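A.B. asks: Have a look at the structure that comes next, please.
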Amino acid sequence: MIWLCPVLVLVSSASIELQTNEQALARVKRIYVDQLGGGQMSDQMQDMITAAIQSTGLFTVTENRERADAILKGSGDEKVFSDSHSSSDSIGFHTGAGSGSSTAGRNASSSGRQYGTAGISENESSKSDERKREAVASVRLVDTDGDVIWSTTQESQGAKFRGSMADVADKVAKKLAEETKAARLASARALRTPQSGQ
């Protein structure tokens, strides 16, 4: 019995901690997007993430840090690199050439034959350099107490109808929206549970 008490305390405190993060995320309505660290493209990434979060319709994005329920921090950048491809094709065709002679009998009659050769050879090689872009963002949502309540890392080389940065911003916003919806639903269920028991 003495050993069971600490275990029960640990389990219950762990479940409370998980509920606190979920509840904190459920309460977030107003977000301030902080300046992102990273490379030269981080400012553009910040603007795209801001627009993507705003477009979810779940949050108000504010420019006033003091009024925000949570602050989105992190880093993001886009790198440009070349992807090289090379190929080589070869075709060859060769024949031979020669001559021959023969001498027969006393009259020394002779005959001779000759034949020729022909050859075709073709070699084709090609090299192509394709310019590609790869974007990555690693962000976290921090509440007013400075606690991290949500985080994600997303990367992309671009989607069918959007570039790599826009795709990463969209992935960040979708992930945040999905998990916030789930947290709000769980919070609403938790509020309804005691009432149904009464």
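Throughout, read-outs are computed from the coordinates displayed, never taken from laboratory work. Computed from a predicted structure; not experimentally measured. Here the Cβ positions follow ideal geometry from the backbone for every residue, glycine too, while neighbour counts run over all protein chains shown.
A.B. asks: Do you know which residues across the stretch 35-68 are touching an Asp or Glu at 6+ places or on another chain (Cβ under 6 Å) and closer than 18 Å to residue 80 by Cβ?
C.D. replies: Across the stretch 35-68, the qualifying residues are 38, 39, 41, 42.
A.B. asks: Here's another thing I want to ask about it. Suppose we keep only residues that are β-branched (Val, Ile, Thr) and either part of a strand (DSSP E or B) or exposed (fewer than 15 other Cβ atoms within 10 Å of the Cβ) (or both) within the stretch 144-198. Which one would you say is farthest from the chain's Cα centre (by Cα)?
C.D. replies: Kept after step one, since they are β-branched (Val, Ile, Thr), are these residues of the stretch 144-198: 144, 148-149, 152-153, 168, 172, 180, 193.
Going one step further and asking which of them are either part of a strand (DSSP E or B) or exposed (fewer than 15 other Cβ atoms within 10 Å of the Cβ) (or both), we end up with 144, 148-149, 152-153, 193.
Details: 144: 30, 148: 23, 149: 23, 152: 12, 153: 9, 193: 40 Å.
Among those residues, the one meeting the criterion is 193.
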